[in-house]
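Below is one structure, written out as structure tokens, with a few remarks after it.
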Amino acid sequence: MTAAMVGIGNFFFKYRNKAFPVIVVAMMLLAPPSAPLSRSAGFEHAKDIAAVLLVLAGLALRATVIGYAYIQRGGLNKRVYAKDLVTEGMFGVCRNPLYVGNMLLYSGFFLFHGNPLVVVLGIGLFAFIYQCIVLAEENFLEKKFADAYRAYCRDVPRWVLRFSNFRHSTEGLVFNVRRVVRKDYSTVSAALITLLGIEVYRLLRDGNLPQSLPHLSVLGVLLATVGVATAALSLMKRRGALRQPKPLN
């Protein structure tokens, strides 16, 4: 079973940038968002707030990880790879903090969609995929770093955030805001577009277009604003404006 999961993990590690958006869209279209978790309007409102908070928590966690100690999660040639064993920053709090952040994002997206089938299957599927990816990475890291990695595993949880380690693991590190913006602006953009897109989808599914037009117009403006901001940041990144300035001699 573990060997099969490692194989699945290696596959999704290589193709996740293409596969994950397709899976998310497919899950959203699997069932309409008009089937509520509860017939109570108050419950649905609270559910939407909880979903947005999950997304914000995921983005905040990713920003904290990248700001203190960034590692290249793309591997080498789309295969699991690590030059060094990174244990500082948030990697001293949890072995997979970026993946925890991603799971918070996906959980928020599916909960915001609201259909019980999508919520359960979507969260369950991504939890399984990330577990497979982690097993594939652990298989590589244990072979490469041996006792050092096994000691790291004993001290730091795989999925749980052990915040009692935070002060020690970030000691001497400086939070790099520019790196967060440079490395993760596209994730923030994708998260906002996903939430706004789901809301558009929900309004269109309601079937009351005349009443929904003002709301849809606002959502259209917000989507355009996110698109323009993303394009501007992308241009700044290509021109090197988001790089950390070199210290003066």
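Structure notes:
- Rounded to 10°, Cα long-axis angle of helix 116-155 versus longest principal axis of the chain: 10 degrees
- Estimated at 0.36 nm per residue, the fully extended path between Leu173 and Leu85 surpasses their Cα-Cα distance by 30.0 nm.
- A simple charge model with +1 on the Cβ of Lys and Arg, -1 on the Cβ of Asp and Glu and nothing else charged puts the dipole of the chain at about 900 debye relative to its Cα centre.
- Selection among Ile123, Thr2, Tyr201 by position relative to the dipole of the chain gives Thr2 as farthest towards the positive end (Cβ unit charges, Cα centre).
- Label separation (Lys143 vs Ser212): 5.0 nm, computed from points 7 Å beyond Cα along the C-beta direction.
- DSSP loop trypsin sites (Lys or Arg not before Pro) with at most 10 other Cβ within 10 Å: longest gap in the chain: 84-238
- Separation of the range 99-114 and the range 141-179, taken as the distance between their Cα centroids, equals 24 angstrom.
- Degrees, to the nearest 10: 97-113 long Cα axis against longest axis of the chain: 10 degrees
- Helical content of the chain, expressed as a calculated mean residue ellipticity at 222 nm, amounts to -25500 deg cm²/dmol (DSSP H runs of 4 or more residues, -39,500 (n - 2.57) each, divided by residue number, nearest 500).
- Lysine pair number, Cα distance threshold 17 Å (strictly under), the chain, separation 8 or more or different chains: 6
- Ranked for footprinting exposure by Cβ neighbours inside 10 Å, fewest first, Leu213, Leu61, Leu242 give Leu213, Leu242, Leu61.
- Placing +1 on the Cβ of every Lys and Arg and -1 on the Cβ of every Asp and Glu, with nothing else charged, gives the range 176-244 a dipole about its Cα centre of roughly 660 debye.
Bear in mind these aren't lab numbers, they're just calculated from the coordinates by the rules spelled out. Only a predicted model underlies this, so the values are computations on that prediction, with no experimental measurement involved. All Cβ positions, glycine included, derive from the backbone under ideal geometry; neighbour counts span all protein chains shown.
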